[in-house]
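The values are calculated or read from the model by the stated rules, or taken from the named source; none is laboratory data. Model, not experiment: these values are computed from the prediction. Ideal geometry is used to build each Cβ from the backbone, glycine not excepted, and the neighbour counts take in all protein chains shown. Heads up: the accessible areas ignore ligands, DNA and RNA and are worked out on the full protein's heavy atoms, side chains in. Shrake-Rupley method; radii C 1.70, N 1.55, O 1.52, S 1.80 Å.
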Amino acid sequence: MSLTLILVGAALVAVALFNRVPALHGRPGRRTPGFAPARLTEAGRATLTTVGGSLLIIAFFLALSGF
């Protein structure tokens, strides 16, 4: 449970921090991984940072409690 929350929280904070999302570029037969702009507004970045940070804090306390 804690590991899942850490992964999701870190992904949300990373998207908010770098304003990029993973994407596949190229033709359908030959796709290459890369990053595309997330096009987040300031409110969107703040929301992702808040939710992701909260998930990381919750995961920390769940790990401390042994759950």
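If the Cβ limit is 6 Å and pairs must be 6+ apart or interchain, which residue in segment 28-54 that is basic (Lys, Arg) pairs with which residue that is open to solvent by 50 Å² or more (accessible area, probe 1.4 Å) and outside any helix (DSSP H, G or I)?
Within 6 Å, the pairs are Arg31/Leu24.
List the number of the failed condition for Ala23; all other conditions in (1) in a helix (DSSP H, G or I); (2) open to solvent by less than 100 Å² (accessible area, probe 1.4 Å) hold.
For Ala23, the exception is condition (1).
Condition check: assigned to a helix (DSSP H, G or I), under 30 Å from Phe67 (Cα atoms), among the β-branched types (Val, Ile, Thr) and more than 14 Å from the chain's Cα centre (by Cα). Does Ile6 satisfy that?
Spelling it out, it is not the case that Ile6 is assigned to a helix (DSSP H, G or I), under 30 Å from Phe67 (Cα atoms), among the β-branched types (Val, Ile, Thr) and more than 14 Å from the chain's Cα centre (by Cα).
Being touching a Ser or Thr at 6+ places or on another chain (Cβ under 6 Å) and modelled with pLDDT under 95 is the filter here, so list the residues in segment 11-34 that pass it.
His25, Gly26 - these are the residues of segment 11-34 that are touching a Ser or Thr at 6+ places or on another chain (Cβ under 6 Å) and modelled with pLDDT under 95.
On the given criteria, is Ala59 part of a helix (DSSP H, G or I), of a type in the set (Gly, Ala, Ser) and surrounded by 14 or more Cβ atoms within 10 Å (Cβ to Cβ)?
For Ala59, the condition - part of a helix (DSSP H, G or I), of a type in the set (Gly, Ala, Ser) and surrounded by 14 or more Cβ atoms within 10 Å (Cβ to Cβ) - is met.
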